[in-house]
Amino acid sequence: MDKKKLPRFLYGGDYNPEQWPAETWTKDIQIFKQADINSATINVFSWALLEPREGEYDFTKLDQIVDELSAAGFDIVMATSTAAMPAWMFKKYPDVARVDYQGRRHVFGQRHNFCPTSSNYQRLASDLVTQLAKRYGNNSHIVAWHVNNEYGGNCYCDHCAAAFRQWLKDRYQTLDNLNQAWNMNVWSHTINDWDEIVVPNELGDAWGPEGTETIVAGLSIDYLRFQSTAMLDLFRMEKRIIEKYAPMIPVTTNFHSLPNKLVDYQEWAHEQDIISYDSYPAYDMPVYQPAFLYDLMRTLKHQPFMLMESTPAQVNWQPYSPLKRPGQMRATELQAVAHGADTVQFFQLKQALGGSEKFHSAVIAHSGRTDTRAFKEVAQLGHDLKHVGPVIKGSDVHAKVGIVFDWSNFWSFEYVDGITKELQYVPIILDYYRQFYDRNIPTDVISVDDDFSQYDLIVAPVLYMVKLGLGKKIEQYVAAGGHFLTSFMSGMVGPSDNIYPGGYPGPLKDVTGIWVEESDAVVPGHQTKISLDGQEYPGHLICDLIHLEGAQPLAEYANEFYAGTPAVTENKYGRGLAWYVGSRLDHDGLWPVIDRAVAASKIKPLTSQPTKLEITKRVTPGGQELYFVLNMSNDQRELPLKFRGYRDMLTDRVAQPTLEGWDVEILTR
């Protein structure tokens, strides 16, 4: 096996045989094999079983599980069990428990409830992982190590406060620097001693619901940075131990949520050997949103990722959990593959009899039967992946559009007080992503630190926080012939959330050729109209009052006292172009703006024929083009003429001209 790579396309998921009598395991494995399942993730939540008392380890049952799966030829993803602490640990070491935003220390129960700076938690987790890595590090059936599980949840305890102060000393060096960064002359907040710094909480400067309201944005944003790094340090600790005993095996942890606001995935990506992701699209989520998240996961390391968790049918946590329609499970799993997944893994392989997740669906349901619709669909997908997985594995998506998603912007944008309370980062990013999704234009979801030169068009909506040097980087990219599009609420603050003086959009004024005098809130029940290409479209959320300083107007406001002033602009800068969108446009209003940017950038969609099918392309290392054509709906759709005569890899036949609801074709010439 190549270093730090998976040996084959994995099809499997979370298996918890310790919840069942050992005599049932053989039958479970037989059922998995009927579905061509070839892997299992084990030991995710087994700490209490492995270490029933401090320092007393019992690996008897885990040894049996490993032996049984190995004998059956399964690849194993070995988890470290450190995400859920046993009861004795809370009893003996109360400091291992997280203190919440309201100042309450948690007690035994749930999971994700450890304090990342607790020396006792760190020591005990390190000891457990050392025992696991020593015991299983040389096992040839273990193809990946899965650290902890779905990191997230901040702690506000005294240990974290002390560690935060040290983190701030390392970051700012002096109190003068810190006071300047946080602009602490406001409201007499000046800090004169490091121990005067109080972590954000409901009774202090962060006064609203957690993550929503703050008086000192620099403090709250830095605390999010600190907590993300503190949890990352825990991951690094476990990874170093594993690498000592299993240096050739990839180590990962599963990212989750939409996306997780508490963990900076872009910082964490540097430490992951392979990105893994848990995907649970809600029943009412638009189909382009999971596509966006898959593109984000793929772009974190610019390589294929693991779909670590998904569901074969229902989840247990939605207010309403309708069944997936016939074919829908297969289509949603293959959507992840289309956007870069090199595994398909479920939570869970066998449905639990008790606990809050007992109604979360599984490959083996409570009935234990294999003649159900859900199992037949799981088996069909397994047969498909056994057939095409070897060709797909290692192929990548080549995109010429990069959409910027940045965690510091995510944090700072949603702390803004003023203008409007409805500032939400992810929905605005999705407005722009959908434009390229509907055009079937491959798109990367990139960091501000990515290499911009590999893209013909960079789209950076609400780039509110522009860190030092980023403005120059954008100018150089556009001057060299690149194309850049940004929007309202961009270029406003630096890395500590202090305003750039001299007018908005701060470091982006020259490249956009404008300055923004004021920003008007669009209040509920009111509609601002924008005239663009002879049509009028509504402007939502915010309307920027724009002055031209070299840019040309593409659209104007059609009402309000600023009627006739620019709403969308275009600026020639060096050999490139930059666009500024001064209001939140709906899908139809944004369409002609993106059309102009796409045409200027000479970017071609995967098919020029309009279609409601989702079309994505992966390219193998040998150059073979694999077109994923997905009907993400209940309705029948026609295949674009371009693909008539292509071969469907799933059936080894010529592509069908009509795709039924939730049908998928993987086409090659």
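The values are calculated or read from the model by the stated rules, or taken from the named source; none is laboratory data. In this text, all values refer to a predicted model and were calculated from it rather than measured experimentally. Every residue, glycine among them, receives a Cβ derived from its backbone with ideal geometry; neighbour counts consider all protein chains shown.
Out of the residues in the range 565-594 that are within 31 Å of the chain's Cα centre (by Cα) and either outside the structural domain of LEU485 (by TED's automatic domain parsing) or aliphatic (A, V, I, L, M) (or both), state the one that is farthest from GLU536 (Cα to Cα). Only one residue tops the list, namely LEU577. If you go through the range 517-539 and keep only what is part of a loop (DSSP other than H, G, I, E, B) and touching a helix residue (DSSP H, G or I) at 6+ places or on another chain (Cβ under 8 Å), you end up with just ASP533.
The residue of the range 281-309 that is surrounded by the fewest Cβ atoms within 10 Å (Cβ to Cβ), among those that are free of Cβ contacts under 8 Å to residues at least 40 places away in the same chain and part of a loop (DSSP other than H, G, I, E, B), is ASP284. Anything in the range 577-596 that is over 19 Å from ASP510 (Cα atoms) and of a type in the set (Gly, Ala, Ser)? List them, or say none. Across the range 577-596, the qualifying residues are SER583, GLY589. Output yes when any residue across the range 631-640 is free of Cβ contacts under 8 Å to residues at least 24 places away in the same chain and over 30 Å from PRO538 (Cβ atoms), and no when none is. There is no residue in the range 631-640 that is free of Cβ contacts under 8 Å to residues at least 24 places away in the same chain and over 30 Å from PRO538 (Cβ atoms). Counting only residues that are more than 22 Å from the chain's Cα centre (by Cα) and not polar (S, T, N, Q), the range 450-484 holds 17 of them. Residues of the range 294-305 that are within 14 Å of PHE255 (Cα to Cα) and either out of contact with any Phe, Trp or Tyr (no Cβ under 7 Å at 6 or more places or on another chain) or not assigned by TED's automatic domain parsing to the domain that holds SER257 (or both): TYR294, ASP295, THR299, LYS301. Looking at the range 357-366, is at least one residue of a type outside the set (Gly, Ala, Ser), touching a helix residue (DSSP H, G or I) at 6+ places or on another chain (Cβ under 7 Å) and under 21 Å from ASP14 (Cα atoms)? Yes: the range 357-366 contains one or more residues that are of a type outside the set (Gly, Ala, Ser), touching a helix residue (DSSP H, G or I) at 6+ places or on another chain (Cβ under 7 Å) and under 21 Å from ASP14 (Cα atoms). Taking the residues in the range 141-159 that are within 18 Å of the chain's Cα centre (by Cα) and of a type in the set (Gly, Ala, Ser) as candidates, determine which candidate is surrounded by the most Cβ atoms within 10 Å (Cβ to Cβ). Filtering first and then ranking leaves GLY153.
Looking at the range 160-191, which of its residues are closer than 14 Å to ASP497 by Cβ and either free of Cβ contacts under 8 Å to residues at least 12 places away in the same chain or loosely packed, with under 15 Cβ neighbours inside 10 Å (or both)? If the condition is that a residue be closer than 14 Å to ASP497 by Cβ and either free of Cβ contacts under 8 Å to residues at least 12 places away in the same chain or loosely packed, with under 15 Cβ neighbours inside 10 Å (or both), then GLN180, VAL186 are the ones that fit. The number of residues in the range 480-504 being within 20 Å of TRP407 (Cα to Cα) and surrounded by fewer than 17 Cβ atoms within 10 Å (Cβ to Cβ) comes to 2.
Just one residue in the set ARG575, ARG669, ARG644 is free of Cβ contacts under 8 Å to residues at least 24 places away in the same chain and surrounded by fewer than 18 Cβ atoms within 10 Å (Cβ to Cβ); that residue is ARG644. Identify, please: which residue in the range 71-90 is of a type in the set (Gly, Ala, Ser) and under 26 Å from PHE114 (Cα atoms) and is, among those, surrounded by the most Cβ atoms within 10 Å (Cβ to Cβ)? For the range 71-90, the residue satisfying everything is SER81.
Taking the criterion of being farther than 15 Å from ARG330 by Cα and in contact with a helix residue (DSSP H, G or I) (Cβ under 9 Å, 6 or more places away or on another chain), the residues of the range 614-648 that qualify are ILE615, THR616, LYS617, ARG618, THR620, GLN624, LEU626, TYR627. In the set (1) under 19 Å from MET465 (Cα atoms); (2) not in a helix (DSSP H, G or I), the condition left unmet by VAL199 is number (1). If only residues of the range 263-280 that are part of a loop (DSSP other than H, G, I, E, B), hydrophobic (A, V, I, L, M, F, W, C) and touching a residue at least 40 places away in the same chain (Cβ under 8 Å) are counted, the one that is nearest to VAL251 (Cα to Cα) is ILE274. The residues of the range 319-331 that are surrounded by fewer than 21 Cβ atoms within 10 Å (Cβ to Cβ) and under 23 Å from THR372 (Cα atoms), listed by number, are TYR320, SER321, PRO322, LEU323, ARG325, PRO326, GLY327, GLN328. If only residues of the range 271-326 that are among the basic types (Lys, Arg) and within 16 Å of the chain's Cα centre (by Cα) are counted, the one that is farthest from ARG240 (Cα to Cα) is ARG298. Is it true that some residue in the range 595-611 is out of contact with any helix residue (DSSP H, G or I) (no Cβ under 7 Å at 6 or more places or on another chain), in a strand (DSSP E or B), farther than 30 Å from GLY389 by Cβ and of a type in the set (Ser, Thr, Tyr)? Checking the range 595-611: not a single residue is out of contact with any helix residue (DSSP H, G or I) (no Cβ under 7 Å at 6 or more places or on another chain), in a strand (DSSP E or B), farther than 30 Å from GLY389 by Cβ and of a type in the set (Ser, Thr, Tyr). Return the residues of the range 483-499 that are more than 18 Å from PRO461 (Cβ to Cβ) and part of a loop (DSSP other than H, G, I, E, B); say none if nothing qualifies. Result: GLY494, PRO495, SER496, ASP497, ASN498. Against the test of being acidic (Asp, Glu) and free of Cβ contacts under 8 Å to residues at least 60 places away in the same chain, the options ASP205, ASP233 yield a single qualifying residue, ASP205. Hey, could you check the range 98-118 for residues that are touching a residue at least 24 places away in the same chain (Cβ under 8 Å) and either among the charged types (D, E, K, R) or not in a loop (DSSP other than H, G, I, E, B) (or both) and say which is farthest from GLU51 (Cα to Cα)? Checking each candidate, the answer is ASP100.
For the range 89-108, the criterion of being hydrophobic (A, V, I, L, M, F, W, C) and under 20 Å from VAL251 (Cβ atoms) is met by none of the residues.
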